Amino acid sequence: MASFPPLKNDLILRTARGETTDRTPVWMMRQAGRYLPEYRAVREEHSFFEVVETPELAAEVTIQPVERLPVDAAILFCDIMVVPEAMGLTVKMVSGQGPTFPQPLTTPEEMERLVEPDVDAALGHVFEALAVTRTELNGRVPLIGFAGAPWTLMAYMVEGGGSKSYRAARRWLYRHPEASKALLQRTTDVIVEYLIGQVEAGAQMLQVFDSWAGLHSPDTFCTFCLPYLEEIAARVKNAHPDVPLVVFAKGVHHALEALADTDYDIISLDWTMAPDTARDAVADRAVLQGNLDPCALYAPPEVLRREVHHMLAGFGPHQHIANLGHGMLPDHDPEHARVFVEAVHEHSEHMRTV
Ligand code: 1CP
């Protein structure tokens, strides 16, 4: 593995390991992106995939929120869709709409279009972007790598794009359960190799995004999500036992205990879950991350500060990484992101002195 400048701020890594710290670490999902004018300026000159595929541009955009805000981690600028793309599907980024697949997988027979990728060749630009970013961060904060979870990627691959209910993808699960499992397994194998490659390129923590896990019944979650999430954590931990792993299974209230039994160190919660209920479910088996409603950032600063204090009080001073319950939104005011981050600094220090 390459050597990089030493870390000046390892707060998030120490919290991830369960150590007590003198402040709660904080970062925001989707902290690099459209709400930042400096990001929009880069996007005026370059397409989304140009930024993702040019390591210097990806590094620049990854570091933008770190330059602006006192966050305790950077997350690589990339997208979960690079995995389906590496598996042979065409992905287009449609302005104002997000990723779309002009030719989604409408039947199991169409899985023949998928390839078993050479991960280094297909995703080498991501590994290079991690290495460049790690160097340019110069140890300011740890760098987080990520991937979409198998089910969330399948949802897009079958549906063809964003959707409220992913009806086509969920229809597949019931009509073609065995083909669904085969697709999820093939995706899992690529994700494992991709995440291990990210660590070897410079990622210091990894997050798996199962953004659409909440569309499942408890039974279909246990059949089509959990085993693959579990397998990813076990195989990545086997290769790199010291790298903290985060799972964000949005909307999954019913499976917190099951997630705590996996090899993930950190469970990221959305805002619909109460901190104390989550803590009761996982006990001391995982660090919790989250979970302020992203819409709280639309509130006036004094209301936002109160919401942050309330959240921090709910989680308590230890085994918690402060974050939003989902990502930053394109029309968020960057100054409100500052209020959020600074309120975590202030109140979490205060909590430890009283
Ligand atoms: O117009 C633009 O510039 C594109 C907007 C954008 C950005 C900034 C997209 C399209 N992706 C990203 C970057 C991105 N995506 C990051 C890195 C930046 C960061 O976090 O700071 C990450 C971690 C993602 C992950 C991602 N992409 C997820 C999982 C997290 C989540 O929010 O649930 C998902 C579901 C996607 C799909 C996606 N990509 C882009 C959009 C607009 C969407 C959502 C589409 C939908 O609603 O279904």
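A few comments on the model shown:
- For the stretch 87-97, the criterion of being in a loop (DSSP other than H, G, I, E, B), within 17 Å of LEU206 (Cα to Cα) and either at pLDDT 95 or above or not polar (S, T, N, Q) (or both) is met by no residue.
- Residue that is farthest from GLU200 (Cα to Cα), among those in the stretch 99-122 that are in contact with an Asp or Glu (Cβ under 9 Å, 6 or more places away or on another chain) and within 16 Å of the ligand (Cβ to nearest atom): PRO104
- Among the residues examined, THR20 does not qualify as surrounded by 19 or more Cβ atoms within 10 Å (Cβ to Cβ) and either away from the ligand (no atom under 16 Å from the Cβ) or of a type in the set (Asp, Glu) (or both).
- Just one residue in the set MET93, MET87 is more than 11 Å from the ligand (Cβ to nearest atom), of a type outside the set (S, T, N, Q) and closer than 28 Å to MET157 by Cα; that residue is MET87.
- Residue list for the stretch 91-139, restricted to those being of a type in the set (Asp, Glu) and over 20 Å from GLU193 (Cα atoms): GLU109, GLU110, GLU112, GLU136
- When the stretch 212-266 is filtered for residues that are β-branched (Val, Ile, Thr), within 16 Å of the ligand (Cβ to nearest atom) and either farther than 19 Å from ASP280 by Cα or in contact with a Lys or Arg (Cβ under 9 Å, 6 or more places away or on another chain) (or both), only ILE232 remains.
- The listed residue being more than 30 Å from ASP72 (Cβ to Cβ) and within 18 Å of the chain's Cα centre (by Cα), out of ALA121, ALA129, ALA155: ALA155
- Candidates are the residues of the stretch 116-160 that are part of a strand (DSSP E or B) and of a type in the set (A, V, I, L, M); the one that is surrounded by the fewest Cβ atoms within 10 Å (Cβ to Cβ) is ILE144.
- Some residue of the stretch 23-35 being within 20 Å of GLY162 (Cα to Cα) and part of a helix (DSSP H, G or I): no
Matching residues to (1) assigned to a helix (DSSP H, G or I); (2) hydrophobic (A, V, I, L, M, F, W, C):
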| residue | (1), (2) |
| --- | --- |
| LEU183 | yes, yes |
| VAL190 | yes, yes |
| PHE209 | no, yes |
| ARG235 | yes, no |
| HIS253 | no, no |
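- In summary, PRO317 fulfils each of the numbered conditions (1) touching a Pro at 6+ places or on another chain (Cβ under 9 Å); (2) within 20 Å of GLU19 (Cβ to Cβ) with the single exception of condition (1).
The values are calculated or read from the model by the stated rules, or taken from the named source; none is laboratory data. This one's a predicted model, so the numbers in the text were calculated from it and none came from an experiment. Note that we place each Cβ from the backbone using ideal geometry, even for glycine, and neighbour counts take in every protein chain shown.
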